[in-house]
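Right, one structure below, let's go through it.
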Amino acid sequence: MRNELRSEIKRLSKKAFDKERQQAEKEAKYREKFERRTGLSAASPSVRSRTPLHRHFDPRHCKRNANVIATAIWHKILREEYDPEPAVHFQIPKPDGSKREVTAFGIPDAAVANVLLRRTINRNKKRLSPHSYAYHPDKNVFDAILALRDFDKGGKLFAVQIDFEKYFDNIPANYLKKKIADRTTVSLTPHERHIFEAFLHHRYGDAEGHRTSTFKRKVKGTPQGSSASLILANLANHDLDRKLSAESGKFVRFADDVVAICGSYEEAQRLERCFDRHCAESGLIVNRKKSPGIAVISDYQHEVRTINDFTYLGYGFKDAGLTLPKKTEKKLQQKVSRLINVYLINALNHGFNHRRANRRRGYDWDLLGLIYELRRGFYGGLKEQDIQDFLYNQGQLRTMRGLMGFYCLIEDPTILKALDGWTVNMVRRACVQRRQILRSRYGRNCPTPSNEELILGNWISPSAWRDEGDDDDDVEVQFPSLVRGWRAARKHFFTFGLEGVQAPGYDSSFDVSALFDAFDY
């Protein structure tokens, strides 16, 4: 284990270096684009003072002393004296205005948790519930979605959804200790059990606590911010899986996110009682305000609570098939709106570089950049020609990434069609507003293509992009389409399966935010 720890410490230190480098490159990119668009020098951001933390948070120190640190930790584990260094506790804002509490461990303790997770998962993956899809080496979110979709749709469909109140924060530590000590549930060595218990009661503190060395001990919940939390979160609901398996119907669990489907109201009631019994035994709490409970899935009203669809793991489940959920639709609109504002409007409030608009050639660099950025988000970096060749000319497409790569399982593209029209219309309106600002403030003009011209890409002539004698490929001006991307992703799914499609990373609560990385301009 000592050698594994040393290698993992070095890997995490390198990862920290890469993150710093990427952040510096990102900031340099922002500055360069601002200067290019406005013709002004970008101001340097203010540097915030940081509270000095333990040396284990310094990747340079950890990389230089990886062998010494790994040896020291390994001897503490052998003597069962291991105690993680105090973690940093802070809050980040959530879209709804509330704040999410986050904990970050030092590099060596994160390395211990990673090694522990790999060892315990590999040894116990056959013991894990077959209905649990989170943090499993052989399963991912796509497997969970397909398992839930394949339920027999004959007759009425009842859905049972229960939301646990702050699941990762409220799991009783005594219950978790009981589960890791149960040899019939999980196979652990004495040293591994000691590490789990050490993380369950780790020390933590905010910036002020680290400055004054005033820390608290965790008394309940999983050690969030540590990969040790992942297997503990699965173990906490292992008994729930067994209870639900004993009843009829189908259920899928992704960490604390559980949904069950059955064919009758009586079966739904039995499934719901399984949650109540599990909470009584484990100490977990059901969030009654957020738990939808039992509902029949239908397009018309029934005698019990009726819903048209429900959202699970980023997909909308309807009686007619899988679709894009309303929450994701709104989030996509927010991302696209922000991107349109950044490329076409925002920089004009500071200045305008007159070299970026050429009257004779009639093109707009920023509009072209916006189209390329949208294409990167929708298609994951694929070219328009790649999509066209794959759909119509028997071209090869071995990978499918981006937003539509994830949503290849959608069966009802109605919302995608509406979003395509909305996006084109928003870009056209922004172009009109951009022209008004350019005329009034800078005495310049810019293209204001119609919806049809944007969609077809004929608002710019091919010769406008290149200087005479330039051998570069012509620019792809055709507007990207969610429906076209979905058709390619759908064909890719039926041709190659889900190989080459990357699922979003795991989080304490599944969110499709990772799908919109391309829009983080």
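Could you pull the accessible area for ARG435 with a 1.4 Å probe, rounded to 10 Å²?
So the heavy atoms of ARG435 present about 70 Å² to solvent.
Between LYS156 and ARG398, how many nm apart are label points set 7 Å from Cα along the C-beta direction?
Going from the LYS156 label point to the ARG398 one covers 5.1 nm.
Region 87-146: percent of C-alpha pairs farther apart than 14 Å?
Pairs farther apart than 14 Å: 70 percent.
Taking R0 as 45 Å, what FRET efficiency do you get between ALA280 and LEU40 from their Cβ-Cβ distance, rounded to the nearest 0.05?
0.10
What aspartates and glutamates does LYS220 reach when the alpha-carbon gap must be under 15 Å and sequence neighbours fewer than 8 apart in one chain are set aside?
The qualifying aspartates and glutamates are GLU101, GLU165, ASP169, GLU197.
Taking the alpha-carbon centroid of each part, what is the distance from region 205-228 to region 232-306 in angstrom?
Taking the Cα centre of region 232-306 as reference, the centre of region 205-228 is 33 Å away.
What is the antiparallel percent of DSSP beta bridges lying wholly in the chain, to the nearest 5?
Of the beta bridges lying entirely in the chain, close to 85 percent run antiparallel.
Can you give the FRET efficiency to the nearest 0.05 for SER450 and GLU27, using r as the Cβ-Cβ distance and R₀ = 35 Å?
Details: r = 37 Å, r/R0 = 1.06.
With a Förster radius of 35 Å, E is 0.40.
Kirkwood Rh over alpha-carbon pairs of region 72-111, then Stokes-Einstein at 10 °C and 1.306 mPa s: what D in µm² s⁻¹, rounded to an integer?
Calculated translational D: 130 µm²/s.
Cα axis of helix 107-124 to longest principal axis of the chain: angle in degrees, 0 to 90, nearest 10?
Its long axis makes an angle of about 70 degrees.
Please give the direction-averaged projected area of the C-alpha convex hull for region 319-416, in square nanometres with one decimal.
Across all orientations, region 319-416 yields a mean hull projection of 9.0 nm².
Rounded to two decimal places and with Rh computed the Kirkwood way over Cα pairs, what is Rg over Rh for the chain?
Reported Rg/Rh, Kirkwood definition of Rh: 1.01.
Using only Cα atoms, what Kirkwood radius does region 230-319 have, in angstroms?
14.1
Take the Cα radius of gyration of region 164-228 and divide it by 2.2 N^0.38 Å, with N its residue count; two decimals is plenty.
Details: Rg = 13.5 Å, N = 65, 2.2 N^0.38 = 10.7 Å.
Cα-based Rg divided by the globular estimate yields 1.26.
Could you work out the Rg to Rh ratio of region 79-185, with Rh taken as the Kirkwood radius (inverse of the mean 1/r over all Cα pairs)?
1.03
When averaged across all projection directions, what area in nm² does the alpha-carbon convex hull of region 385-450 cover?
Working: hull surface 26.8 nm².
Over all viewing directions, region 385-450 projects a mean Cα-hull area of 6.7 nm².
What are the principal axis extents of the Cα atoms in region 132-251, in Å, biggest first?
63, 33, 24
What do you get when you divide the Cα radius of gyration of region 212-371 by 2.2 N^0.38 Å, with N the number of residues?
The value comes to 1.64.
Rounded to the nearest 0.05, what FRET efficiency do LYS417 and ALA104 have when you use their Cβ-Cβ distance and R0 = 41 Å?
0.45
At a probe size of 1.4 Å, how large is the accessible area of ASP366, to the nearest 10 Å²?
Surface accessible to solvent at ASP366 totals approximately 10 Å².
Viscosity 1.306 mPa s, temperature 10 °C: Stokes-Einstein D of region 1-121 from its Kirkwood Cα radius, in µm² per second?
93
The values are calculated or read from the model by the stated rules, or taken from the named source; none is laboratory data. Quantities reported herein were computed from a predicted structural model and do not represent experimental measurements. As a convention, Cβ positions derive from the backbone with ideal geometry for all residues, glycine included, and neighbour counts pool all protein chains shown. Surface areas here come from the heavy atoms of the whole protein model, side chains and all, with no ligands, DNA or RNA. Shrake-Rupley method; radii C 1.70, N 1.55, O 1.52, S 1.80 Å.
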